[in-house]
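S.K.: Sharing a structure with you now.
What follows draws every value from the coordinates through simple rules; no lab data is involved. Remember, it's a predicted structure, so these values are computed and weren't measured experimentally. So basically every Cβ, Gly included, is an ideal-geometry build from the backbone, and we count neighbours across all protein chains shown.
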Ligand code: GLN
């Protein structure tokens, strides 16, 4: 069957199943099966696709019809221009999180800095920072071994040598280290957040999404604990939900951080709050 016909049929199935981006999903999945860029599909849209490749495409479409995220099906997602491998044990990197990367890059000089990324998952934030700032030394930690394995593999695949990854439950394995910059995209959704029942989020690990105390428990913990691991004048940057900016700023102020502020993401929503260790 021709590429254009396959795409039309798959798009119709995905649209009927409620995918918000049926044509894009079909193109990305067919491109993945054929080992080609999406643009190639347009140039060669009258090409036939062999039976075994059609069967592989059909299996991916069937998984997508029941809601599996495209990034888990292809095993890949782009973040900050880096092609990252994904794994169902970690969150899929999101464009929202580029706000955290931008804020971090604007805060510290390009000279040597020690940087810590807590709950690194696929390594997205750590690798974006390390690739932009070759003089920085970035450590990514995660409680989950699959995340550390994945992030390390991503670093190797991308040839990024100034980031390393280790298993640690937040700061647990870091006893006497200090950092100029600590960043985290922790879990921050409340247990009853209706967003958890929709779309890709249903297939992502709860442990990376949900926190107690209306989603604020881990943010509060990190604000309290990070001071001990920051150098004087070091910054803590936290991603959070769009309605959590005020609560996070208040917690940073109460814990004694200075220069407390919130930054907006690409959609103009409060997304990242920061504070500096001043004493
Ligand atoms: N921003 C994510 C979402 O809304 C949540 C990520 C997180 O909890 N860190 O799906």
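S.K.: Once label points are set 7 Å from the Cα along Cα→Cβ at both residue 52 and residue 278, what is their separation, rounded to one decimal in nm?
M.R.: Calculated label separation equals 6.6 nm.
S.K.: How would you rank 264-270, 128-134, highest first, on the average number of other Cβ atoms within 10 Å across their residues?
M.R.: Ranking, from highest mean packing down: 128-134, 264-270.
S.K.: What is region 114-208's relative contact order, in percent, from Cα pairs under 8 angstrom and six or more apart in sequence?
M.R.: Contact order relative to length: 32 percent.
S.K.: Right, next: When the Cα centres of region 237-257 and region 204-223 are compared, how far apart do they sit, in Å?
M.R.: When both Cα centres are located, 13 Å separates them.
S.K.: Can you pull the semi-axes for the chain, root of five times each eigenvalue of the Cα gyration tensor, sorted largest first, whole Å?
M.R.: The answer is 38, 20, 15 Å, longest axis first.
S.K.: In percent, how large is the relative contact order of region 3-67, given Cα pairs closer than 8 Å and 6 or more residues apart?
M.R.: 41 percent
S.K.: Another one. How many percent of Cα pairs in region 3-67 exceed 14 Å? Walk me through the numbers before you get to the answer.
M.R.: Details: 1058 of 2080 pairs.
The share of Cα pairs beyond 14 Å in region 3-67 comes to 51 percent.
S.K.: Can you list the residues of region 10-31 with backbone N under 11 Å from a point 7 Å past the Cα of residue 43, pointing along Cα to Cβ?
M.R.: Flagged as within label range: none.
S.K.: Right, another one. Let me check against my output: what whole-number percent is the relative contact order of region 76-276, with C-alpha pairs under 8 Å and at least 6 apart?
M.R.: Values: 420 pairs, mean separation 39.8, N = 201.
Computed over region 76-276, the figure is 20 percent.
S.K.: When DSSP assigns beta bridges and you keep just the ones with both residues in the chain, what percent turn out antiparallel, to the nearest 5?
M.R.: Here the antiparallel bridges make up roughly 45 percent for the chain.
S.K.: Can you show me the helix-derived [θ] at 222 nm for the chain, built from DSSP H runs with n ≥ 4 at -39,500 (n - 2.57) apiece and divided by the number of residues, rounded to the nearest 500.
M.R.: -11500 deg cm²/dmol
S.K.: Between residue 96 and residue 233, what's the calculated FRET efficiency when r is the beta-carbon distance and R0 is 25 Å? Round to 0.05. Working shown, then result.
M.R.: Numbers: r = 27 Å, r/R0 = 1.10.
With a Förster radius of 25 Å, E is 0.35.
S.K.: Determine the gain in length on full extension of the stretch residue 221-residue 254; use 0.36 nm per residue of separation and subtract their C-alpha separation, reporting nm with one decimal.
M.R.: 10.6 nm
S.K.: Averaging over every viewing direction, what projected area does the convex hull of the Cα atoms of region 196-279 cover, in nm²?
M.R.: Averaging across all directions leaves 6.2 nm² for the Cα convex hull.
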